[in-house]
Structures are given as C-alpha cells and as structure tokens.
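Colleague: Dropping a structure here in structure tokens format, bear with me for questions.
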Amino acid sequence: MTTIAMIGIGAVGAVYTNLLNQDETTELYCVMDDKRKERYVREGMNVNGKETKLNYVTPSEVNKEIDYVIFTVKNTQLHAAMDLAQSIVDERTTFLSLLNGIDSERELSERFGEDRVLYGLTNGIDATKNLHDVFYTYPGTLYFGEKRNEQVTERVQQLQAVFERAQIPSVVPVDMERQLWHKFMVNVGVNAVTAISRSTHGVLRDSEELLNVSKRAMNEVIQVANTSNIALTESMIDEFFENVWTKVGYSGKTSMLQDIEAKRKSENDYFAKRVIEVAQKHGISVPVNETLYAFVHHEEKRF
C-alpha cells in the first residue's frame, strides 16, 4: 500500500486525485485546512458529472506515514501548502510538485531538503473548474522524476507504478530540468495570450494572429533558457502545437484565463515576469513578454 497526500484539488488536482482514488493499492488523503474541508464535505466535488468520494482531512486527521506528498496548488498558495504538509511528513517522505513555473522545486528543497524533492509537471491536460464541478476530455501526460534520470530511482519507479495503475499517463525524462523549462515556455506562450484575448484553447488553436504572439513569447523563453544552459530549441514550439495542443478540448481554458474570469490574481508573476527577471540578468530583450505582463497586470489591478 502506497500512501499519498494530495494538497490542492483545483482543476488539475481534482482530475489526478479522482484517478488516483480509483487505485485500491493507494491510500489517498486530500489534505486541507478546516474551512476548505467543511466546504468540500458539504458540497462534494464532481468530475465529468460524476460525484467523487474522496477522503478530505485536515493535517491532524492523517494517521498514516505518508510516502508521497503531491502539490497541485497555485504558486501563490505554495507556502501555505508547505505549512499544511509540515506536520504530516517525516524524513522518508518524498515531495512532488506539479506547479507551473520554474521555482517550486527550489522552494520545496529549501523547506524540506533537496534530496527529498522530485521534479514534476503536467502537459496537455484541459481541465476546467466551476465551483465544485470539474470537466476534462484529456488527462494530459505527467512528466516527473529526479532532476536527472539516466538511472531511474526506486522511488520514481514506485510512483510511476502508482500512476500506471491509476491510468495516469506518465513519462520519466532523462533531463527533468529541461522538461520543466519546456513546460514553462508553453505556459508563458499560451496563458497570457488566452487571458488577454479571453480565448479558449480552440480559439487560440484556430487564430493565426494569436498563435503568432504565443510563438514569439515562447521564442523569447528559448533565448533566456539557452543563456541559463537549458537546451530548448525553436522546433519544440511547432512540435507542441502540432502534437499536444491539437489534443486538448476546444472549449478548455488555461488556468490564467480561468483566474481572470473569476477575478483572481493569476500566476502572471511566475510566467512573464520571471522571463523578464531572468532576461535582465543576462542582458536579453524580451519585449513580447514585457507587453503581455503589462496587459495582465493592468487587468488584475481592476479586480
């Protein structure tokens, strides 16, 4: 039996939590504060129209040793999530972040120790959440592992077996840091553009003008990545739009668009702003990301 604590059951977290919950060899805890637990117990949660039966608990109610903690919160919620995890883990617990951006693994390492943190991300999932209803057509692929995976470690093998039983597609790349930057490139390219234009996945896919802006923003990420010794290439942009973006549902929405529509603060500071910050250190011009950041920041000031 593998014990997993999930922290964060928004759109992406709900999809993976629901799938993991169907594996009888996994004991799953959805860890949250008292207020959230009260709401979820009262209202429940539906995934693709079906009610899920999840084990909602506060940290004090976790009574088993936790093998893995999986974080699926927003970057703005990570520190609170780490506080929740602090009291339910011990020295043998492994941490996996599925957060967007390029910073969460470093922050987890600073709190819990670098040797206890796996790198992770999701790619291609098209989940959206409206109150307690979550919908998706494609679960995407979960990429995870040690920072380098020439030899796959036992803890990675064990977790991949869990994902396989739960029917969660997963891949263990050799260079997980490069994969993280690749996802960062994608997030930077599609999130702000869809949020500013109020466009679904399908609208972006069909718009030559919007795609051009997204690709230019992604090209700037490649320039920044290369100066940081991360080997991204321009061919990866077309590969993503041809092989991944074609699979997501037409009506799906990026997380930033969902945030803007709900008048919540988005992860703009962790996408375009991070590109700008790293670019400034290396003397690189990133005018597209500067423009996208300014538009989203202006929109958020109106909330």
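The values are calculated or read from the model by the stated rules, or taken from the named source; none is laboratory data. All values derive from a computational prediction rather than experimental measurement. Cβ: placed from backbone, ideal geometry, glycine included. Neighbour counts: every protein chain shown.
Colleague: With the requirement that a residue be in contact with a helix residue (DSSP H, G or I) (Cβ under 6 Å, 6 or more places away or on another chain) and among the polar types (S, T, N, Q), what does the range 257-271 give you?
Modeller: 266, 268 - these are the residues of the range 257-271 that are in contact with a helix residue (DSSP H, G or I) (Cβ under 6 Å, 6 or more places away or on another chain) and among the polar types (S, T, N, Q).
Colleague: Answer yes or no as to whether residue 84 is hydrophobic (A, V, I, L, M, F, W, C), in a loop (DSSP other than H, G, I, E, B), surrounded by 12 or more Cβ atoms within 10 Å (Cβ to Cβ) and not assigned by TED's automatic domain parsing to the domain that holds residue 189.
Modeller: no
Colleague: So, residue 25, is that one closer than 22 Å to residue 139 by Cβ, in contact (Cβ under 8 Å) with a residue 60 or more places away in the chain and not assigned by TED's automatic domain parsing to the domain that holds residue 191 or not?
Modeller: Yes; evaluated as a whole, the condition is true for this residue.
Colleague: Okay, moving on. For residue 60, all conditions in the list (1) surrounded by fewer than 12 Cβ atoms within 10 Å (Cβ to Cβ); (2) in contact (Cβ under 8 Å) with a residue 24 or more places away in the chain; (3) not in a helix (DSSP H, G or I) hold save one; what is the number of the exception?
Modeller: With (1) surrounded by fewer than 12 Cβ atoms within 10 Å (Cβ to Cβ); (2) in contact (Cβ under 8 Å) with a residue 24 or more places away in the chain; (3) not in a helix (DSSP H, G or I) applied to residue 60, the lone miss is (3).
Colleague: Go through the range 154-186 and give me each residue that's touching a strand residue (DSSP E or B) at 6+ places or on another chain (Cβ under 8 Å), farther than 25 Å from residue 228 by Cβ and outside any helix (DSSP H, G or I).
Modeller: 166, 168, 169, 170
Colleague: Against the conditions (1) outside any helix (DSSP H, G or I); (2) at pLDDT below 95, where does residue 285 fall short? Just the number, please.
Modeller: In the conditions (1) outside any helix (DSSP H, G or I); (2) at pLDDT below 95, residue 285 misses (2) alone.
Colleague: Only one of these is at pLDDT 95 or above, within 24 Å of residue 75 (Cβ to Cβ) and among the polar types (S, T, N, Q): 219, 212. Name it.
Modeller: 219
Colleague: Give me the residue from the range 29-44 that is hydrophobic (A, V, I, L, M, F, W, C) and surrounded by 22 or more Cβ atoms within 10 Å (Cβ to Cβ) and, out of that set, farthest from residue 59 (Cα to Cα).
Modeller: Only one residue fits best here, namely 30.
Residues checked against (1) out of contact with any Cys (no Cβ under 8 Å at 6 or more places or on another chain); (2) among the basic types (Lys, Arg); (3) part of a strand (DSSP E or B); (4) under 26 Å from residue 128 (Cβ atoms):
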| position | (1), (2), (3), (4) |
| --- | --- |
| 12 | yes, no, no, yes |
| 18 | yes, no, no, yes |
| 91 | yes, no, no, no |
| 95 | yes, no, yes, no |
| 101 | yes, no, no, yes |
| 107 | yes, no, no, no |
| 110 | yes, no, no, no |
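Colleague: Filter the range 222-255 down to residues that are assigned to a helix (DSSP H, G or I), touching a residue at least 60 places away in the same chain (Cβ under 8 Å) and either within 19 Å of residue 124 (Cβ to Cβ) or touching a Gly at 6+ places or on another chain (Cβ under 8 Å) (or both), then give me how many there are.
Modeller: Counting residues in the range 222-255 that are assigned to a helix (DSSP H, G or I), touching a residue at least 60 places away in the same chain (Cβ under 8 Å) and either within 19 Å of residue 124 (Cβ to Cβ) or touching a Gly at 6+ places or on another chain (Cβ under 8 Å) (or both) gives 1.
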